[in-house]
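This report concerns only the one structure given below.
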Amino acid sequence: SLVAAGLFGTGLARSSVAPAAVGKEQREFDYFALALQWPGTICSSTRHCCAVNGCCRSEALHTFTIHGLWPDYDDGTWPSCCRHTSFDMDKLTPLKPALDKYWPSLYCSSSSTCFSGRGPFWAHEVEKHGTCSAPVVHEELQYFTAAIDLYLKYNVTEMLATGDILVSNGKEYALSDVIDTIKHAFGGSPQIICKKGSVEELRLCFTKDLKPRDCLTTSAMYKNLSKSKHCPKKISLPTYDPIVLTNSTLEIVPEASDNGLYFYTS
Ligand code: AMP
């Protein structure tokens, strides 16, 4: 892997260098959360399609996709937007196929960025979280490489399948079984976020030297989580019917936009 190949260099061994925060200093983070999204839950709300939206691919996505690699604090809070950067897609050329495949946006609208207004989903994640990931991750390519490496090394979709927890419509699984399956395969407790009883997001947590650890699961986690995102005792991993982007049915609907983007609708 690129991590093993040493892209992290000597950064791992460096002691606390507080990131230069914008506005006020933010202290060094305590651990990483790799946040994964379940497209089946998010894409069932898709009403408009566009080329960047992974929900609009002709084949429904049946695996978790990456949301972001987040530096977090042990008290349930997290630093954000720690340094000025300007997102440069050209630096990510070697990773572009992996980013498209494993880290798609699941929306059409552009995302807010810390310093440059709005931009792609990737710019949002690296500006908000990547800039706070020192002393482990120092720059853009390293941030995305680290996240993709962890995602491929700890394949949650496969871990769940091994426990017979599969994408399904209607079928429900005990939340405790899902957590135990991940604990057993990964070596740490995940955080699971739900929307109306369906898994919306699953987070794996890592020490700063990228070893599995427990995520926060008690009050610290719930402090920042709205009630509607708590999971019930039985949860599902739904699938969805993609709205396919086909040229013959494309139409531009300007009023559907809330941010200056035009949406395609079928
Ligand atoms: P983001 O896409 O990074 O803006 O995150 C989307 C949502 O996830 C935010 O509105 C927060 O509720 C939550 N979130 C963002 N960063 C973190 C974090 N580091 N730890 C826990 N939750 C987070």
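The values are calculated or read from the model by the stated rules, or taken from the named source; none is laboratory data. Predicted model, so just to flag it, every value in this text is computed and none were measured. Cβ placement follows ideal geometry from the backbone for every residue including glycine, while neighbour counts extend to all protein chains displayed. Surface accessibility is based on the protein's heavy atoms, side chains included, excluding ligands, DNA and RNA. Shrake-Rupley method; radii C 1.70, N 1.55, O 1.52, S 1.80 Å.
Residues in region 56-87 that are outside any loop (DSSP other than H, G, I, E, B) and within 16 Å of the ligand (Cβ to nearest atom) were compared, and the one that is nearest to the chain's Cα centre (by Cα) is H67.
Give me the residue from region 99-126 that is open to solvent by 20 Å² or more (accessible area, probe 1.4 Å) and among the hydrophobic types (A, V, I, L, M, F, W, C) and, out of that set, farthest from the chain's Cα centre (by Cα). Ranking the qualifying residues of region 99-126, first place goes to F115. Looking across S168, S189, one residue alone is in contact with a Lys or Arg (Cβ under 9 Å, 6 or more places away or on another chain) and not in a helix (DSSP H, G or I). It is S189.
Among the numbered conditions (1) closer than 29 Å to K211 by Cβ; (2) among the small types (G, A, S); (3) open to solvent by 30 Å² or more (accessible area, probe 1.4 Å); (4) away from the ligand (no atom under 16 Å from the Cβ), the only one that G170 does not meet is (1).
Of the candidates D164, D214, D180, the single residue that is more than 12 Å from the ligand (Cβ to nearest atom) and touching a Gly at 6+ places or on another chain (Cβ under 7 Å) is D214.
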